[in-house]
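This report concerns only the one structure given below.
Bear in mind that the values in this text are calculations on the coordinates, not laboratory data. Given the structure is predicted, the values throughout are model-derived calculations rather than measurements. Ideal geometry is used to build each Cβ from the backbone, glycine not excepted, and the neighbour counts take in all protein chains shown.
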Number of protein chains: 2
Amino acid sequence: MRILILGGDGYCGWPTALHFSYRGHEVAIVDNFARRLWDHEIGAMTLTAIAPLSERLRSWKRLTGKSIESSIGDVTDYEFLSSVFKTFEPEAVVHFAEQRAAPYSMIDRQHAVFTQVNNVVGTLNVLFAVKEFQPDCHLVKLGTMGEYGTPNIDIEEGFIKIQHNGREDVLPFPKQPGSFYHLSKVHDSHNIAFCCKIWGVRATDLNQGVVYGTMTDEVALDQSLVNRFDYDEIFGTALNRFCVQAAISHPITVYGKGGQTRGFLDIRDTVRCVELACLHPAQPGEFRVFNQFTEQFSVLELARMVEAAGKKLGLSVTIDHLPDPRVEAEEHYYNARHTKLADLGLKPHLLSESLLDSLLNIAIEYRDRIDMSLLLPRVNWRKSRNDRKSAPALAMAATGAGTGHSAK
Amino acid sequence: MRILILGGDGYCGWPTALHFSYRGHEVAIVDNFARRLWDHEIGAMTLTAIAPLSERLRSWKRLTGKSIESSIGDVTDYEFLSSVFKTFEPEAVVHFAEQRAAPYSMIDRQHAVFTQVNNVVGTLNVLFAVKEFQPDCHLVKLGTMGEYGTPNIDIEEGFIKIQHNGREDVLPFPKQPGSFYHLSKVHDSHNIAFCCKIWGVRATDLNQGVVYGTMTDEVALDQSLVNRFDYDEIFGTALNRFCVQAAISHPITVYGKGGQTRGFLDIRDTVRCVELACLHPAQPGEFRVFNQFTEQFSVLELARMVEAAGKKLGLSVTIDHLPDPRVEAEEHYYNARHTKLADLGLKPHLLSESLLDSLLNIAIEYRDRIDMSLLLPRVNWRKSRNDRKSAPALAMAATGAGTGHSAK
């Protein structure tokens, strides 16, 4: 299958591209390196030292004999995107090419506007490109479980049957997103559903949970293929950040009570879910929604699991409850269905002690790259301007790495 | 009350500004004249010959002794919008300043992207300006009944109580918008609800039906205050267009079967609804939704009412069913609640024979300005590029006005 990976240099996109390439699919990556630019903007490098894309792709060819094409450009540039569609003629397009951090979108007005315009226009362009150049191409779009918020009823996969005043209908599940970023994904979902209806586009919206881990079978082949691992307050996902904190005996930073419950998944399941979606495409005109996660945890449960695993490794781990910088329920009902990917054959990698050990070991291996000043939240949902230049009241890393930006 | 009217030179904004000013409120208008520009872009002038804003405001001062401030600029320009907020310090901001035509948004990719970016960024800017400069200011935002689509259950006002698997919650009513324009309003609604939650903004989202008419008590004071009256396939609302067609004995153009049922209201009720919302503001942090229409009709019912009224006036009126250029259900259940504005005191102007007579008489009065080439739909939802330059197979107006663009 000819598969176009938009955002193929990123945390989820890169291992997904390798996964497909390894299995013999013809893969092309589109990326504008925005994610690498944001590293510089916020002064936070990935814990792992990732290679430039050109080097990654040369290594991949050397190691496996397989070629992955790359086109460098921005999906919000329709002329560029059109040329990629016309040249590569994708049968599936996997769309990761969005700004994906809630805190980034909440820094200030500029970041909110950028996030929504970037994500909405990029996705509109992809939809128009599919319609105009590859109408039978299957769009696999990364959404987020955060589109649903935390309703007091069970969360279904995209749609819910509602009985009301003696009548009934199956309608889109109501959305209550919790950041300008999450809102952008809700906007995307509505736009995609509409294009499926009017143009017969085939689309799968993957409402993904919080991803953890960095390693897949393909990434593990060589150091030159290493994936990003973000631990900072902006791009670091909860479990990754907790492991880094444990590795340097920094208190694990739980926001508020920690009763915030979310769906989580291993990055090995991310790549497998995307593969399953591509191998079993939506029908023409079908807008299909899969909830893409494997387990639910509260943030405090995660913290306690890291605490236990850390202690086993001889680390001194404590848990701190910080005032929640987000506006969200700190305790709530949460029960989200996630059976459609399992029905297609997903065998989940559940969060186990051994995985926690390996995550902690990665954090320990790269501990001299950790910048402690990046661990505490500086973006407050209640403020419309967050000045990230003013450091929080916190000493810099005492682990010997100074700013932590030394190349490794 | 100090009331800022964003988009105060437009079809709904202008009579709203006059209505508030007449009642002694301090009114300021913001407009960038985008709507007048689109007249030139699509080659369709308002049937009524509207005066420039500066002239309108001079007349208003002369006729009533009342001043309305104006600031010319774009709400997507935050520096401009901020300066208006800081200078005028509004207690209520009424936000009409969006691209408001579904067909315009469906012309092609550029128009879709423009509509969504313009509307979403403008509303984000208004939300940030409220938060930063006037946190107690009440935002009254024009949405649309089209956000709901046509579900097979009763439509509630913004929220619905859902019982599911033995639990229940009150959640945002599911949205199924039918154009890139309607989608932009759904995006806005989600963004506004979020800002109410995180910042305590007070907001009322007015999900307005299709507006008809052109006259309010204030507009009627003098010819120089005359309001726009659009009848073209892009900006013309259904009833206005039907009256124009009847006036020149052009068949009334019903799309498809005409079973499409929508909420409608008289423009006199638009201004009154906005007034009621401002006089009874939302609470801090409250996101309130009113369905703003007074009667439901199917498009075919409307056409038949115009046919009957036209015949009474001696016009030769016929009804044509065209292939529906939109992708929508041509027959469906529709029952939308609209009690909240009535509870606040709205006394509706229901669509009567006498109103239809007066609308038809306006169309007849201005018949030499009618351009028949603008009446047939040229924007097809099923196409991603609609070339409006190629005229439909239709003779130009036989009513003596040629292109119809002569000034009156």
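When you filter the chymotrypsin sites (Phe, Trp or Tyr not before Pro) in region B:28-61 for DSSP loop state and at most 16 other Cβ atoms inside 10 Å of their Cβ, you are left with B:Phe33.
Computed over neighbours whose Cβ is under 10 Å from that of A:His164, the net charge equals -2, Lys and Arg +1, Asp and Glu -1. In summary, region B:190-248 shows an alpha-carbon radius of gyration equal to 1.69 times the 2.2 N^0.38 Å reference for compact globular proteins. Here's the list of aspartates and glutamates a cross-link from B:Lys197 could span, going by alpha-carbon distance under 16 Å and ignoring same-chain residues fewer than 8 apart: A:Glu147, A:Asp324, A:Glu328, A:Glu330, B:Glu132, B:Asp136, B:Asp188, B:Asp205, B:Glu286. For region A:295-317 and region B:70-99, what is the separation of their C-alpha centers, rounded to whole Å? Answer, in whole Å: 50.
By the count of other C-beta atoms within 10 Å, a proxy for reagent exposure, B:Ser298, B:Ser179, A:Ser54 are ordered fewest to most as A:Ser54, B:Ser298, B:Ser179.
In this structure, the amide hydrogen of A:Val30, modeled 1.01 Å from its nitrogen in the peptide plane, lies closer than 5 angstrom to those of A:Ile5, A:Leu6, A:Gly7, A:Gly8, A:Ser71, counting only residues at least 5 positions away or on a different chain.
Listed by Cβ neighbour count within 10 Å, with the fewest neighbours leading, A:Leu4, B:Leu225, B:Leu376 appear as B:Leu376, B:Leu225, A:Leu4. Rounded to the nearest 20, the size of the Cβ-charge dipole of chain B about its Cα centre is 300 debye, with Lys and Arg at +1 and Asp and Glu at -1. Peptide B:130-139 has a mean shielding of 1, counted as Cβ atoms of other protein chains within 10 Å of each residue's Cβ. Comparing B:Phe159, B:Phe114, B:Phe229 in a Gaussian network model of chain B where C-alpha atoms under 10 Å apart are linked, the largest mean-square fluctuation is found at B:Phe159. Each Cα pair under 8 Å and six or more residues apart adds its separation to the average, and for region B:182-316 the resulting relative contact order is 37 percent. Chain A residue nearest the rotation axis toward B, with distance: A:His187, 2 (Cβ to axis, whole Å). Dipole orientation for the protein assembly as shown: of the candidates B:Phe133, A:Ser83, A:Leu47, A:Ser83 has the Cα lying most toward the positive pole (charges on Cβ; Lys, Arg +1; Asp, Glu -1). Report the FRET efficiency, 1/(1 + (r/R0)^6), for B:Gln163 and B:His280, where r is their Cβ-Cβ distance and R0 is 30 Å, rounded to 0.05. About 0.50, to the nearest 0.05. Coupling constants for region B:150-161 follow from the phi torsions by the Karplus curve (6.51 cos²θ - 1.76 cosθ + 1.60, θ = phi - 60°), and in residue order they are 10, x, 8, 10, 4, 8, 9, 8, x, 9, 9, 7 Hz; glycine and proline get x. Residues in region A:2-7 carry Karplus couplings, in order, of 8, 10, 9, 10, 7, x Hz; the curve used is 6.51 cos²θ - 1.76 cosθ + 1.60 with θ = phi - 60°, and Gly or Pro positions show x. Counting charges near A:Gly200 (Lys, Arg +1; Asp, Glu -1) among other residues having Cβ under 14 Å from its Cβ returns a value of +3. Note on chain B: with a GNM built from Cα contacts shorter than 10 Å, the maximum mean-square fluctuation among B:Asn118, B:Asn380, B:Asn152 falls on B:Asn152.
Build a GNM of chain A with springs between Cα atoms under 10 Å apart, and of A:Leu171, A:Leu300, A:Leu183 the one that fluctuates most is A:Leu171.
Give the relative contact order (percent, whole number) for chain A; include only Cα pairs under 8 Å separated by 6+ residues.
So the answer I get is 19 percent.
The ranking of B:Val30, B:Val113 from fewest to most other beta carbons within 10 Å of each one's beta carbon is B:Val113, B:Val30. Over 26 Å apart at the Cα level, from the set A:Lys185/B:Lys141; B:Lys66/B:Lys86; A:Lys175/A:Lys257; B:Lys161/B:Lys340; A:Lys141/A:Lys175; B:Lys161/B:Lys383, are B:Lys161/B:Lys383. For the segment B:183-190, counting C-beta atoms of other chains within 10 Å of every residue's C-beta and taking the mean gives 5.
Hydrodynamic estimate: the Kirkwood radius of chain A over Cα pairs, inserted into Stokes-Einstein at 10 °C and 1.306 mPa s, corresponds to D of 73 µm²/s. Take each residue in B:164-175, count the other chain C-beta atoms within 10 Å of its C-beta, and the mean is 6. Pairs of Cα atoms in region B:44-139 fall into 10 Å distance bins, from 0 up to the last occupied one, in shares of 14, 34, 34, 18, 1 percent. Computed about the Cα centre, the dipole magnitude for region B:166-280 is approximately 420 debye when only Lys and Arg (+1) and Asp and Glu (-1) carry charge, each at its Cβ. Place a label point 7 angstrom from the Cα of B:Lys312 along the Cα-to-Cβ direction, then list the residues of region B:354-368 whose backbone nitrogen is under 19 Å away. B:354-365, by backbone N distance to the label point.
Its Cα centre serving as origin, region B:1-98 has a Cβ charge dipole (Lys and Arg +1, Asp and Glu -1) of approximately 560 debye.
Within chain B, the selection of entire DSSP H helices by a Cα span of 27 Å or greater along the long axis and an average Kyte-Doolittle value of at least -1.0 returns B:109-133, B:180-199.
Between the listed residues B:Leu315, B:Ser298, B:Gly259, the Cα displaced farthest toward the positive end of the dipole of region B:253-322, a dipole computed from Cβ unit charges relative to the Cα centre, is found at B:Leu315. Since only A:Leu225, A:Met145, A:Ile362 are under comparison, the one whose Cα sits farthest along the positive direction of the charge dipole of chain A, derived from C-beta charges on Lys, Arg, Asp and Glu, is A:Ile362.
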